[in-house]
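Q: The structure follows.
The values are calculated or read from the model by the stated rules, or taken from the named source; none is laboratory data. None of the values given here were measured: they were computed from a predicted structure. Glycine gets a Cβ as well: all are built from the backbone with ideal geometry, and neighbour counts include every protein chain shown. Surface areas here come from the heavy atoms of the whole protein model, side chains and all, with no ligands, DNA or RNA. Shrake-Rupley method; radii C 1.70, N 1.55, O 1.52, S 1.80 Å.
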Amino acid sequence: MFQRAIASVGIAALLFLVPCQRSEGQASGAARGTPDIVDEVWALEDAYWRFVKAGDVENYLTLWNNDFRGWPCNNEHPATKATIGDWVREIRDQKIRFSYA
């Protein structure tokens, strides 16, 4: 379920990055740079799941803003950057096998 939520967030982020075309058929200045941005977003998504799979909490946390506040679907309370990596640590410490495609 958590994987589906993360995938949904990634897809939603990409929808905001899809280039918008002007009515004359010319891309706006922001849209011209979009392929690089999309590649960067997918590279971060790939890093996210590689770090989770490896149980690499330290590198996983580098992907999060210091001011992050969020409410993971399985938590009773909001999370901060200090606690968002707890589930990755659990995967590592409990030696849970994890894969992503």
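Q: At a probe radius of 1.4 Å, what is the per-residue accessible area of LEU63, in Å² to the nearest 10?
A: We get 60 Å² for LEU63.
Q: Moving on to the next point. Around ALA43, what is the net charge, scoring Lys/Arg as +1 and Asp/Glu as -1 over all other residues with Cβ under 15 Å from its Cβ? Write down the numbers at each step before the final one.
A: Working: positive: ARG50; negative: ASP36, ASP39, GLU40, GLU45, ASP46.
Neighbourhood net charge equals -4.
Q: Taking a ≥ b ≥ c as the square roots of the eigenvalues of the Cα gyration tensor of the stretch 49-95, is the shape rounded (a/c under 1.5), prolate (a/b larger than b/c) or oblate? Present the calculation step by step, with values, prior to reporting the outcome.
A: Numbers: a/c = 2.42, a/b = 1.33, b/c = 1.81.
Oblate shape, in that a/c is at least 1.5 and b/c is the bigger or equal ratio.
Q: Could you give the length gained by full extension between ALA54 and VAL38, i.e. 0.36 nm per residue of separation minus their alpha carbon distance, to one decimal place?
A: Answer, rounded to one decimal: 3.3 nm.
Q: Quick check: at a probe of 1.4 Å, how many percent of the accessible area of the stretch 59-101 sits on carbon and sulfur atoms?
A: Values: 1640 of 3360 Å².
After summing per-atom areas, the C and S share lands at 49 percent.
Q: Evaluate the distance, in nm, between pseudo-label points positioned 7 Å from the Cα of ALA47 and of GLU76 along their respective Cα→Cβ axes.
A: Output for this residue pair reads 3.4 nm.
Q: What are the residues whose amide H is under 5 Å from the amide H of ALA79, where those residues sit 5 or more places off or on another chain and H is modelled from the backbone?
A: HN-HN under 5 Å from ALA79: GLY70, TRP71.
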